[in-house]
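Have a look at the structure below, then the notes.
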Amino acid sequence: AYAAALESVAAGVTGADVHAVACDVIEDAGYETLRSDPNAETGFIHSTGHGVGLDIHEEPSVSPSGGELEAGHVISIEPGIYDPAVGGVRIEDLIAVTEDGYENLTEYRIGLEPTAGNGA
């Protein structure tokens, strides 16, 4: 969902379109989203992202109500899946929208590392 959402970003695309791409991937994997069930308490239960500027959460929204993205907008892309009985995970990057895509402003490796034992 993270990669698909990133690849859908470009000037002229709406935040709603980017959010829909993330929902498609998550629903295709068998998880609920607020789109598939507005009362869902597990699965993808938040928006895909938001604008970042003078405030940490501002327009443009990357959600079902998100409007058109413009070159120069800085937004987060942060789909996640949650289950209160188990926990959750969210991958979040900040990106700058460009005319034909995006520039990732986050320089941090994405991956999982197995741990030995129970961490005690």
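The values are calculated or read from the model by the stated rules, or taken from the named source; none is laboratory data. The model shown is predicted, which means the values in this text are computed figures rather than measured ones. Backbone-built Cβ (ideal geometry, glycine too); neighbour counts: all protein chains shown. Note: accessible area is taken over every heavy atom of the protein model, side chains too, but ligands, DNA and RNA are not part of it. Shrake-Rupley method; radii C 1.70, N 1.55, O 1.52, S 1.80 Å.
Provide the convex hull volume over Cα atoms per residue for region 29-73, in Å³. Spell out each step's value before the answer.
Working: hull volume 4.3 nm³, N = 45.
Cα-based convex hull of region 29-73, divided per residue, equals 96 Å³.
Cα atoms only: what Rg and Dmax, in Å, come out for region 24-115?
For region 24-115, the Cα-based Rg and Dmax read 14.5, 42 Å.
Report, in deg cm²/dmol and to the nearest 500, the calculated mean residue ellipticity at 222 nm for the chain, where each DSSP H run with n ≥ 4 adds -39500 (n - 2.57) and the sum is divided by the residue count.
Details: 2 runs with 21 residues, N = 120.
It comes out at -5000 deg cm²/dmol, rounded to the nearest 500.
In whole percent, how big is the carbon plus sulfur part of the accessible area of the chain, probe 1.4 Å, protein atoms only?
Details: 3750 of 7170 Å².
The C+S portion of the solvent-accessible surface of the chain is 52 percent.
GNM on the chain, C-alpha springs below 10 Å: top fluctuator among G66, G49, G88?
Answer for the Gaussian network model of the chain: G88.
If we count every other residue with Cβ under 10 angstrom of G49's Cβ, Lys/Arg +1 and Asp/Glu -1, where does the sum land? Working shown, then result.
On the way: positive: none; negative: E78, E92, D93.
Once positives and negatives cancel, what remains is -3.
Looking at region 45-99 from every direction and averaging, what is the projected area of its Cα convex hull in nm²? Don't jump to the answer; show the numbers that get you there.
Details: hull surface 16.4 nm².
If I average the Cα hull's projected area over directions, I get 4.1 nm².
Using Cα springs under 10 Å in a Gaussian network model of the chain, which residue among E32, E107, E70 shows the largest mean-square fluctuation?
E107
If one takes the longest principal axis of the Cα atoms in the chain, at what angle in degrees, from 0 to 90 and to the nearest 10, does the Cα axis of helix 15-28 lie?
Helix 15-28 sits at roughly 30 degrees to that axis.
Could you give the accessible area per residue of the chain, probe 1.4 Å, as a whole number in Å²?
Values: 7170 Å² over 120 residues.
Per-residue accessible area for the chain comes out at 60 Å².
Using amide H atoms built 1.01 Å from N in the peptide plane, name the residues 5+ places from L105, or on other chains, whose amide H lies under 5 Å from its own.
So L105 has HN proximity to L94, I95, A96.
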